[in-house]
Amino acid sequence: MQQQHLLVGVDVGCRKHHVAIGGPGGITEQFEITHDARGFAYFFGRVSEQARRQRLPVVVGMEGTNGYARPLDQLVKDKGYTLLNVNNLKLARFKEIFASPAKTDSIDAQQMVTLMMMAPFMEQVKESLQPVLTVSEIEQQLKRLSRRRRQLVQEKVNVQNRMQVDLQSVCPGFLDIIHKVDALYVLRFLSFRSDLRQLARLRPATIRSIPGIGVTKAAVLARWQSSAVFGSEIAWVGPMIVEDAKRLLQLKEAIDSLEAQLEALVKQSLLARILDSIPGFGTISAAEVSGEIGTMTRFASEASLAIYLGMAPLDNSPASIRERNRRNKLINGLRQP
């Protein structure tokens, strides 16, 4: 059976991308492009020339990892070419089966073309290549904003954990009295002075002047002041705590802003509204799942969607014993392994 498409494999890098083009006779051209307007123009010039010469429609396969494919992936779709997302884990498995001389970016681009050539004949290979369909701008915003929120939430957890350890070492007893270190009034209190030792000497009226601190919370802080003790490292660890408290305040504000934007976008997305109506789904969960799915037309069955979301455990036991299972790692970034 003769190949009916011009196949283009793009091994995506941070600053440069390696390209391989395959026609009915095999690999016809390989080159490297820079991640800029000049490189993109050269890419489309070479692909268009090959398509014109061989009179074949173009199919481009790319590994969509780490966001480095943007904006080339969108430019490919704007050009009218078919765009396939190459599953990086299955591509790695494919390269293990069909071993190449060495691991280089140019060889990886060749292997993508080979993978696409074999797709019509092997059902398992087809699963490695997922068409990238056009999704609405609302869903694109939901995806980018919800991913941004998750990154900031993770940063918040890291900073908070670090600050708690530091507080235990130089301000023993503080956490026992405060209990919730990420409360707004606590963060504002910790960042009120550059030297934490000065906080133990603040007057009640000064403490109550801090936003969010009333009589009740001021009384809690006064209890700490009455027994405040500082470790020997307070001179240089204290400023770190103040810096972390300020960063947590910034992160809280940024996360709140993103959540407000997501809430407004969910109301504009049919898929997100349906998800939000399911018991147990909140607005943020609906925004995340809707943004990652984009459009339900991407999935041929419920099983495909379940695998994509990481909700389909795989058997991890002999055929005679089906009791244990393992988590499927061939999933997108919605749920990290």
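The values are calculated or read from the model by the stated rules, or taken from the named source; none is laboratory data. Remember, it's a predicted structure, so these values are computed and weren't measured experimentally. Neighbour counts are summed over all protein chains in view; Cβ atoms, including those assigned to glycine, are modelled from backbone coordinates with ideal geometry. Only protein heavy atoms, including side chains, enter the accessible area calculation; ligands, DNA and RNA are left aside. Shrake-Rupley method; radii C 1.70, N 1.55, O 1.52, S 1.80 Å.
For this structure, a couple of remarks:
- Approximate shape of the stretch 1-43 as ellipsoid semi-axes (Cα gyration tensor, √5λ), whole Å, largest first: 24, 9, 8
- Too-long pairs where the Cα-Cα distance tops 19 Å, listed order kept, from K180/K246; K16/K143; K180/K252: K16/K143
- Counting only residues at least eight positions apart within a chain, or on another chain, the aspartates and glutamates with an alpha carbon under 15 Å from that of K79 are E49.
- Carbon and sulfur %, accessible surface of the stretch 217-291 computed with the full protein complex present, 1.4 Å: 55
- Where only alpha carbons of the stretch 1-84 are counted, the Rg and the Dmax (Å): 12.1, 38
- For S226, neighbours were defined as the other residues whose beta-carbon sits under 14 Å from its Cβ, and their charges (Lys and Arg +1, Asp and Glu -1) total +2.
- Full-stretch length increase - R52, W236 - with 0.36 nm per residue and alpha-carbon distance subtracted: 59.5 nm
- Inter-label distance, S226 to R197: 2.4 nm, where each label sits 7 Å from its Cα along the C-beta direction.
- Note on A205 and S169: their simple-model spin labels are 3.9 nm apart, each label 7 Å out from Cα toward Cβ.
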